[in-house]
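Let me begin by presenting the structure, written as structure tokens, before commenting on it.
The values are calculated or read from the model by the stated rules, or taken from the named source; none is laboratory data. These numbers were taken from a predicted model, which means no experiment stands behind them. Backbone-built Cβ (ideal geometry, glycine too); neighbour counts: all protein chains shown. The protein model used for the area step is the full one, side chains on, heavy atoms only, and it has no ligands, DNA or RNA in it. Shrake-Rupley method; radii C 1.70, N 1.55, O 1.52, S 1.80 Å.
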Amino acid sequence: MTFNDRKQLKNYFVLGFVPFGGDFDDFIKPFIKEICQLEKGKVFEINGVRCLIIASLGQVTADLPQGNDLACIKRHGAIKGCRSCQATKEKLTSADLNILLIARYHHITDELYNRMETIITATDQRKFTTEYGLRNKKSILDLLKREKHLQTLQDVYHLIAGKIQRLLHITVNLLSNDGKKAFVTAWKSFEYPQQWQKLPNPVWHYESFIMSDCLHLSTVMPFIINRFLCSNYIKNNSLTTIQNRCNITRADFATKMIVTYWKVVVETMVLVFKKSYNTDDYILLQKCLKKEMEILSQVFEDFVNLPNLNASFHLLKNAKTYATLLNSAVGVKEIVHKIFKGIVPHTNRKNIELDLLKSYTTLFAIRHLIDGGIDPRLSRSSNAFTDLSGNFARIMSDWFIVKECLKDDNGETEGI
Ligand SMILES: [Zn+2]
């Protein structure tokens, strides 16, 4: 499927929802069982033709804590809590990290689990799991054929937007009150592209910034800062800290450096979201990620040993494995998640999973009809739009469970 097709909502198929407060393992069991069968291959009849279908797990996307759970690694607060490397938490952003040497590899993690199973006492097992940053038990996904470290990716949107949000927060906090006013003035008077939507005020409302707001603002931040920032607008103690950390004496150098840091972060961002890479791009990406990690952890205390910054460093491996980082990004999945979360307050909350599925299938049906009732993936076309008045009531009814009853397709009623 092409990159543009993959971004279409209609190409996303929701298989189910983990019930609120539910257990992931219980929920995913039926899916794992079916994929195990499909890994071996199964014959299906499609449009009258018998076909052998083989399927397996492609990639797992999750946020930082759950991603670690699924890769069988302890969470990022642990001594070794990175699912891609074995850097200790005191050395996550260290300049001398040799990633190839300390990277996690599937076969090595499996060997460690085999060794762990031979350890008899619980105390020794705990020591062993702490030493290697392993979880106490394997993930349910290990029942499938997979490479747990390569296929459980660090998500590029979360990493980059999270980093920029933090940098924005730090930058705003460096400014004195006059500095903040000057920032807002420069921000308001900047010549934005016409098609951009209005951004929330970055000084007073940065906490309401969503991922795309952060990415938008960051592209113009070096220009905005360059226009207004002078050493008088930075709080004295912050200015001294930067000068000490960077070993510089002149105050105006510190302001120039802040512009430079933003520039490096934005250059890295542009490269990270590139649609295709050649060999030189990979080398450039590696340089940019290294430079970014070094300068951010040098200047700002908040970035020292930040798990997010260490995870960004593994983007090069993801890019090389999946050709680009966009192939494994979860931007659309995140927006689907947001849409569903937004629906919840509008339901009567009796059976949220059923309401969400009903809403999803209804919208899917309407989208299909608006597309002309033709979808090459379906063997039959639909002409329901021609008789929409007859079908509309059926499509739009039964959205929520109400007190009286439920009617199923056979017309039988079921008490609630
Ligand atoms: Zn790491």
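In this structure, does D398 turn out to be more than 30 Å from R245 (Cβ to Cβ), at pLDDT below 75 and open to solvent by 60 Å² or more (accessible area, probe 1.4 Å)?
The answer is yes for D398.
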Exception for T219 within (1) of a type in the set (S, T, Y); (2) out of contact with any Gly (no Cβ under 8 Å at 6 or more places or on another chain); (3) closer than 18 Å to K181 by Cβ falls at (3)
Per the filter on the stretch 122-133, residues more than 12 Å from the ligand (Cβ to nearest atom) and not hydrophobic (A, V, I, L, M, F, W, C) are T123, D124, Q125, R126, K127, T129, T130, E131, Y132
Looking for whichever is outside the structural domain of F340 (by TED's automatic domain parsing) and under 30 Å from F128 (Cβ atoms) here; the options are I35, I73. Which one fits? I73
Going by the conditions given, is K333 at pLDDT below 80 and of a type in the set (D, E, K, R)? yes
Output for the stretch 191-242, where each listed residue is surrounded by fewer than 13 Cβ atoms within 10 Å (Cβ to Cβ) and in contact with a strand residue (DSSP E or B) (Cβ under 8 Å, 6 or more places away or on another chain): none
